[in-house]
1. What is the extension gain from Arg327 to Leu286, computed as 0.36 nm multiplied by their sequence separation minus the C-alpha to C-alpha distance, in nm to one decimal?
2. According to the Cα gyration tensor, what semi-axes, each the square root of 5 times an eigenvalue, does the equivalent ellipsoid of the range 121-172 have, listed from largest to smallest in whole Å?
3. For the range 266-283, what does the Karplus curve 6.51 cos²θ - 1.76 cosθ + 1.60, with θ = phi - 60°, yield as ³J(HN,Hα) per residue in whole Hz, taken in order and with x for Gly and Pro?
4. To the nearest 0.05, how large is the calculated FRET efficiency for Arg130 and Glu227 if R₀ is 30 Å and r is the Cβ-Cβ distance?
5. At 7 Å along Cα-to-Cβ for each site, give me the label-to-label distance between Glu367 and Asn100 in nm.
6. Please turn the phi angles of the range 339-346 into ³J(HN,Hα) values with the Karplus equation 6.51 cos²θ - 1.76 cosθ + 1.60 (θ = phi - 60°), one per residue in order, whole Hz, x for glycine and proline.
7. Could you work out how far apart the two model spin labels at Thr47 and Glu80 are, taking each label as a point 7 Å from the Cα in the direction of the beta carbon, and quote it in nm?
8. Based on the Cβ-Cβ distance of Ala310 and His39, what FRET efficiency does E = 1/(1 + (r/R0)^6) give at R0 = 30 Å, to the nearest 0.05?
Amino acid sequence: MPRILVCAGEPSGDLHGARLVKECLKLSPDLQVDAIGGHHLAKSGATLRADRTDKAVMGWLPVIAQMGSILDHSARFVEELLSSPPDHLVVIDYPGLHGNLAAIARRMGIPVTYYICPQVWAWAPWRIKRIARCADQLLVVIPFEEQLYAPFHPDVRHVGNPVFDHLSDAGEMAEIPRDGDAPILALLPGSRRQELQNGLPALISAARELKQDRPDLEIWVSCQREELRPLIDEIRAGDSDIHVYVGESRALQARARLAIVCSGTATLETAWHGVPMVVAYPANELQRSMYSLMGVAPFFSLVNLFAGEAVVPERLIEPGDGAAVARLARPLLDDQAASEQVARLVELRKEKFHPGASEKAARSILERIPGSGVSLT
């Protein structure tokens with residue numbers, strides 16, 4: 001009976017990995033799936049071996065701070081491979097850890113698929129070759145990445161973006177506990193603690209400026225995990241005009257009049273709902289310089305990358321850049337400007353936001369596993 005190991009290192013990877021596992025089990029019901037991930041993978045039909053999704057970090061200093069935990073996790077990963085090697089390893093995004101784990105597995109003769117290849121082209125394009133070397137198959141989710149990786153790997157497939165799978169069948173949306181129907185200004189700072197620390201201060205500062213222009217705006221911050229609530233409360237400093245919604249961010253995205261979003265899948269989700277937005281991604285001066293000098297892509301927000309043009313304003317920010325973010329967002333308070341952006345977002349969704357990525361990725365993986373019941377097409 002074939003067995004795969006699926007590794008997700010952060011909440012978004014856990015979510016996408018869970019849907020991938022469900023699609024694999026639909027196609028190959030006898031498949032055994034072990035996983036390193038979080039609660040979504042635990043409920044997907046996989047056997048959860050470890051959970052690292054609450055320890056996701058970005059950047060050199062945070063990685064160094066968690067080095068002991070990362071080394072311990074890597075050692076247990078190697079023990080797992082030695083004691084019970086899977087027929088196939090699937091790693092999802094999160095290059096700092098998964099690049100090394102994938103390389104270890106390949107040296108042990110275990111086939112590897114890299115699903116949702118990390119966006120190293122934005123910050124560290126020299127790592128493209130390294131990502132290509134660590135896997136037998138690369139499954140990319142942004143159209144231009146297929147051409148980007150192709151010179152360095154013989155098997156690169158664009159399968160689509162799994163965020164559209166979730167959005168297309170997300171089910172009933174939760175209510176937001178509020179009185180009245182004032183227009184919502186949604187702040188979507190991301191799901192990592194680092195993103196909140198580095199990005200939310202500027203988003204809140206921008207929101208306060210915008211509320212001076214439009215006093216009827218109701219400011220809401222998306223908190224995707226309950227354990228992040230104390231940090232958000234600390235950053236908003238008891239401001240009763242800034243509300244916090246704990247739960248799936250789509251409840252805010254779908255109802256917002258305007259959104260300020262950290263780059264990532266949240267930008268695609270917000271675009272799916274046809275909400276005017278500004279993208280503001282936290283980056284220090286060194287990171288900004290590196291992006292300016294070495295960035296391969298003309299944009300860093302996924303919406304603009306899918307569109308191939310600047311549909312939404314985007315800016316790399318530091319905590320004190322609230323006024324700059326407000327300047328980008330202020331024009332979208334005008335109904336005409338907002339309608340023009342929304343029209344383009346609606347057009348983009350119709351043209352390029354198609355579900356089916358998880359099923360395509362599952363087929364691409366199972367085709368490589370003898371006994372899975374899925375043959376090469």
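Since every read-out is calculated from the coordinates, none of them should be taken as a lab result. Worth saying up front: this structure is predicted, and the values here are computed from it rather than measured. Virtual Cβ from ideal backbone geometry, glycine too; neighbours counted across all protein chains shown.
1. On the way: separation 41, 0.36 × 41 = 14.76 nm, distance 2.34 nm.
This chain segment gains 12.4 nm when fully extended.
2. Values: eigenvalues 135, 28, 17 Å².
In descending order, the three semi-axes are 26, 12, 9 Å.
3. 4, 5, 5, 4, 5, 5, 4, 7, x, 10, x, 8, 10, 9, 10, 10, x, 7
4. Working: r = 33 Å, r/R0 = 1.08.
With a Förster radius of 30 Å, E is 0.40.
5. Those two pseudo-labels are separated by 3.3 nm.
6. Here the 3J(HN,Hα) series is 5, 5, 5, 4, 4, 5, 5, 4 Hz.
7. About 1.2 nm separates the two model spin labels.
8. Values: r = 37 Å, r/R0 = 1.23.
That pair, Ala310 with His39, gives E of 0.20.
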